[in-house]
Amino acid sequence: MSSSINNLICAFLLILTAGSSSTLAQSADSHVHGNAELNIVLMGQQLQVEFVSPAINLLGFERPPITDEESAAMDDTINQLRHGGWLIEGIPTACQLSTEEFEAPVYEEHESSEHDHEHESSEHDHQHESSEHDAEAHSNFRVRYLYDCDTAPRRQLKILAFDHYSGIETLTVQWIADQKQGYARLNRDDPVLDFE
């Protein structure tokens, strides 16, 4: 692994551990409907971007799909997030995009016989079941992209998440660009991230 990739990984880990909205330690408290998170590291000719959003922002629901339309929306969202290219405007065509990590909500449906058995179990088990349902009620999508470019990406990026997902009202952004770091809060009226 090259030293520039190692440096990029180190910087990305720093951004994850430094901020209060760190996705490594994400809790139900940081799950805010209408808000999505971006963690961005720009080092030389490489741009690493992590996007995290509550499922409701992208799908309009946070439960198993019920209708064919909801199933199609889930499939379309997963496909779009996995393949990237939708998030940032103006990334040079000379950049090679890879999806390094992807997580989507996994919804489990309980059969009635299992559910009946769970009601017969102890109160401790019932509390555990309740916490599992709470976790399902707060499900996130998370994806990390790496843009490896022939030339350095621009230092001003227009974020297109607002154009693709009407449920996203704000983006909380933590970034590291070479020797600088910063925080920004973007919205539909101001979707441009400036690394200066």
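The values are calculated or read from the model by the stated rules, or taken from the named source; none is laboratory data. Being a predicted model, the structure only gives us computed values, none of them experimental. We place every Cβ from the backbone using ideal geometry, glycine too, and count neighbours over all the protein chains shown.
Going by what's in this entry, would D125 be described as under 30 Å from L42 (Cβ atoms), modelled with pLDDT under 95 and surrounded by 12 or more Cβ atoms within 10 Å (Cβ to Cβ)? So D125 fails the test. Of the residues making up segment 147-173, just one is touching a Ser or Thr at 6+ places or on another chain (Cβ under 7 Å) and of a type in the set (S, T, N, Q), namely T172.
Results for (1) within 15 Å of L81 (Cα to Cα); (2) modelled with pLDDT of 95 or more; (3) of a type outside the set (D, E, K, R), shown as yes or no for each residue.
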{"residue": "V143", "(1), (2), (3)": "yes, yes, yes"}
{"residue": "D148", "(1), (2), (3)": "no, yes, no"}
{"residue": "R155", "(1), (2), (3)": "no, no, no"}
{"residue": "H164", "(1), (2), (3)": "yes, yes, yes"}
{"residue": "D178", "(1), (2), (3)": "no, no, no"}
{"residue": "L186", "(1), (2), (3)": "no, yes, yes"}
{"residue": "V192", "(1), (2), (3)": "no, yes, yes"}
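Of the residues G85, G90, G34, the single one that is on the phi > 0 side of the Ramachandran plot and at pLDDT 90 or above is G34. Restricted to segment 47-64, and to residues that are modelled with pLDDT of 95 or more and touching a Ser or Thr at 6+ places or on another chain (Cβ under 8 Å), which residue is nearest to D178 (Cα to Cα)? Here the residue is E50. Could you check segment 143-160 and list, in sequence order, the residues that are surrounded by 16 or more Cβ atoms within 10 Å (Cβ to Cβ) and in contact with a Phe, Trp or Tyr (Cβ under 7 Å, 6 or more places away or on another chain)? Correct list: V143, P153.
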